[in-house]
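Inspection log for the structure reproduced underneath, given as structure tokens.
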């Protein structure tokens, strides 16, 4: 069955607009191609997609090398907010950007819910 | 991202225009090629040896220069004989030579000008020996193909190492290069 980009975009839009302190999100392929994005205007969709796939893959390699088991997520924390990368099955990577006010527990829970929805569309 | 030497050889022969006439001319002058090969090896390694960095690489182990010089003579002669009509064995050996260059650290920045020196010296020797201009043109074409193997080996080995260490796909790697280059 073909992947519905409309549905993917709908889930992302809904996630970004309805989750507190989330500024953007993207679903990209392991090759770094965007499947659906809802990113802040100044961000380059192509670069963000490539970097997201690169970071998750590299994180998984590092996790393996350092014997950390299966990697659940890559977490980037800066003084202006967070970037969270999660594997979305074998064929996609889910990126979420949140500001520094985001409550981490809530954010992780919302990401988990969004992932369940995204995986259904990507199956 | 591993290069397929046979396909690469065919592609470069077509691209550079290395023709049946070139092959016939080189084979007809293979003896001359063997005769001048040691002299060309002298020029090649004299050029590299003048560079401090290269000199330390060439002399990093006992007998390395001697072995490399012998390989050069063989390599130079093979450009004339074509080994198996410039077929798979020729391509495999060129790829192997490229890999050895990467392993010991002789990069394109050193090989390309050193090779240019050899081509220039071949020209002088050809004139002195009264050989036709066409020999040098044919040799120049096969030399470009061989250089392409050496340069490509650097790219292939570097890329393969990055992919192995990062787990990135080839597509992702190319995309990162494209987006990165675009941002420069």
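None of the figures in this text is laboratory data; all of them are computed from the coordinates on show. These numbers were taken from a predicted model, which means no experiment stands behind them. Virtual Cβ from ideal backbone geometry, glycine too; neighbours counted across all protein chains shown.
The simple spin-label model puts a point 7 Å past each Cα toward its Cβ; for residue A:119 and residue B:89 those points are separated by 5.7 nm. Distance from the Cα centre of segment A:98-116 to that of segment B:32-64, in angstrom? Their Cα centres are 62 Å away from one another.
If you plug the beta carbon distance of residue A:103 and residue A:42 into 1/(1 + (r/R0)^6) with R0 = 22 Å, you get a FRET efficiency near 0.30. If a spin label sat at a point 7 angstrom from the Cα of residue B:31 along the line to its beta carbon, the backbone N atoms of segment B:71-98 nearer than 15 Å would be those of B:81. Rounded if a/c is under 1.5, else prolate if a/b beats b/c, else oblate: with a ≥ b ≥ c from the C-alpha gyration tensor eigenvalues square-rooted, which is segment A:17-108? The shape class here is oblate.
Placing R0 at 22 angstrom, the Cβ-Cβ distance between residue B:16 and residue B:70 gives a FRET efficiency of 0.20 after rounding to 0.05. The mean sequence separation of alpha-carbon pairs under 8 Å and at least six residues apart, normalised by the residue count of chain A, gives a relative contact order of 28 percent. Per-residue mean of foreign Cβ neighbours for B:172-181 is 5 (Cβ atoms of other chains, 10 Å radius). Rounded to the nearest 500, the helix-only mean residue ellipticity at 222 nm of chain B stands at -27500 deg cm²/dmol, with each DSSP H run of n ≥ 4 adding -39,500 (n - 2.57). With a ≥ b ≥ c the root eigenvalues of the C-alpha gyration tensor of segment B:5-182, is it rounded (a/c under 1.5), prolate (a/b larger than b/c) or oblate? Oblate, since a/c reaches 1.5 and b/c is not below a/b. Counting only other chain Cβ atoms within 10 Å of each residue's Cβ, the peptide B:160-169 averages 4.
For chain A, adding -39500 (n - 2.57) for each run of n ≥ 4 DSSP H residues and dividing by the number of residues yields -15000 deg cm²/dmol at 222 nm.
With a ≥ b ≥ c taken as the square roots of the eigenvalues of the C-alpha gyration tensor of the protein assembly as shown, please select rounded if a/c is under 1.5 and otherwise prolate if a/b is larger than b/c or oblate if it is not? Prolate, because a/c is 1.5 or more and a/b exceeds b/c. Taking every residue in A:17-30 and counting other chain Cβ atoms within 10 Å of its Cβ, the average works out to 1. Computed from label points 7 Å out along Cα-Cβ, the spacing between residue B:158 and residue B:116 is 1.9 nm.
For a modelled paramagnetic label at residue A:80, 7 Å from Cα along Cα-to-Cβ, the residues of segment A:28-47 in reach, with backbone nitrogen under 16 Å, are A:39-45.
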